[in-house]
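Student: Below you will find the structure I want to go over with you.
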Amino acid sequence: MILKALEMQGFKSFPDKTVLEFNKGITAVVGPNGSGKSNISDAVRWVLGEQSTKTLRGSKMEDVIFSGTDVRKAKGFAEVTLRLDNTDRSLNKDSDEVSVTRRYYRSGDSEYLVNGESARLRDVNELFMDTGLGRDGYSIVGQGKIADMVSPKASERRDMLEEAAGISHFRYRRGDAIKRLAQAEENLVRLRDILSELESRVGPLKAQSEKAQKFIVLAGERKNLEIGIWLNTIDKTGEKMRDQEHK
C-alpha cells in the first residue's frame, strides 16, 4: 500500500483544489513558516477520520474550512481525498486504487466516500484497521507522539503492539460483539418483563371472558323465554277474542 496522492479543496489554507502526488521513495515537503506544511499532515489525519479539533490545531471542526482573506471569500465546505495504491490488496477492497474522501460543510453536515460511494466513519476506521494508517495508527507521527509511543502505561503499549501486529481488528470485533450481546441481553430482559406482565393479565382477562360468554348465553336464553311468553300471551288473547265472538 502506497500513498499516491492527496487532494485538498477548501481545507484550511488551500481554498482551491490542490493535488499533491507522491512517488515511490521519500518525499519531503519544505517551505517557510506559515506556508501550510502542517496543514498537509492535518489533511491526512482529517480524511482518515480524526475527530479531535485539538489534534487538528483548531477549536471547532468548522476551523478546517478555509475562512477567507482580504482578497478571497470564505469557502462553504472542506474536502480532502486520499488516493492509495492497493495493488498488494493491503486494504480489503478488490481494486488497484482506493480513494477515501471526507467533506465537511459549514452547516455541520459531513460525509465520507470510499471509492466514490457513500460510507460511514465506522467503515473508514475498519478499512484501515491493522494497517497502521488509521486515525489511531502510528504511520503519522506528530509532535509529542514519540512520548506516547514509549508511554509507561501498559494499556497504551498493548494498543501499539496490537496495531503493529495486526490484531487490533479482532479486538475491535470482539468488543463490538460483546456490546451487541449485552444489548441483546437487555432486550431479552425487557421482553421477559413484558411477557410476565401480559401473563399476569391473562388470568383476570380469561375470567372476564368466561363471564361475558355466560352472560351472552343467559341473555339468549332470557330472550327466548321472553319471546315464548309473548307468543303464549298472544295465543291466549286470541282464544278469548274468539270465545267472545261466539257469544
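Student: What are the pairs, 6+ residues apart or on separate chains, where a residue within segment 103-119 that is more than 18 Å from ARG45 (Cα to Cα) has its Cβ under 6 Å from a residue that is assigned to a loop (DSSP other than H, G, I, E, B)?
Tutor: What qualifies is ARG106/GLY76.
Student: Something else: Residue by residue through segment 10-29, note down the ones that are at pLDDT 90 or above and part of a loop (DSSP other than H, G, I, E, B).
Tutor: The first filter runs over segment 10-29 and keeps only residues at pLDDT 90 or above, leaving 10-22.
Result: GLY10, LYS12, SER13, PRO15, ASP16, LYS17, PHE22.
Student: Of the residues that sit in segment 94-135 and are of a type in the set (Gly, Ala, Ser) and over 13 Å from VAL80 (Cα atoms), which one is farthest from the chain's Cα centre (by Cα)?
Tutor: Only one residue tops the list, namely SER95.
Student: Name the residues in segment 1-16 that are surrounded by 12 or more Cβ atoms within 10 Å (Cβ to Cβ) and farther than 16 Å from VAL98 by Cα, would you?
Tutor: Of the residues in segment 1-16, the ones surrounded by 12 or more Cβ atoms within 10 Å (Cβ to Cβ) are 1-15.
Scanning segment 1-16 gives MET8, GLN9, GLY10, PHE11, LYS12, SER13, PHE14, PRO15.
Student: Let me ask you something else. Counting only residues that are among the basic types (Lys, Arg) and surrounded by 14 or more Cβ atoms within 10 Å (Cβ to Cβ), which one in segment 80-105 is farthest from ILE65 (Cα to Cα)?
Tutor: LYS93
Student: Regarding GLU62, is this residue at pLDDT 85 or above, closer than 26 Å to PRO15 by Cβ, within 24 Å of the chain's Cα centre (by Cα) and part of a helix (DSSP H, G or I)?
Tutor: Working: at pLDDT 85 or above: yes; closer than 26 Å to PRO15 by Cβ: yes; within 24 Å of the chain's Cα centre (by Cα): yes; part of a helix (DSSP H, G or I): yes.
So GLU62 passes the test.
Student: Quick one: which of SER52, SER38 is under 23 Å from the mean Cα position of the chain (by Cα) and either closer than 19 Å to ASP85 by Cβ or without any contact (Cβ under 8 Å) to a residue 24 or more places away in the chain (or both)?
Tutor: SER52
Student: Restricting to segment 78-87, count the residues that are acidic (Asp, Glu) and within 16 Å of PHE22 (Cβ to Cβ).
Tutor: 1
Student: Right, next: Consider PHE11 against the criteria (1) among the aromatic types (Phe, Trp, Tyr); (2) over 18 Å from TYR112 (Cβ atoms); (3) in contact with a helix residue (DSSP H, G or I) (Cβ under 9 Å, 6 or more places away or on another chain): it satisfies all of them except one. Which criterion is unmet?
Tutor: (2)
The values are calculated or read from the model by the stated rules, or taken from the named source; none is laboratory data. Since the structure is predicted, the reported quantities are computational estimates derived from the model, not experimental observations. Note: ideal-geometry Cβ built from the backbone for every residue, glycine included; neighbour counts use all protein chains shown.
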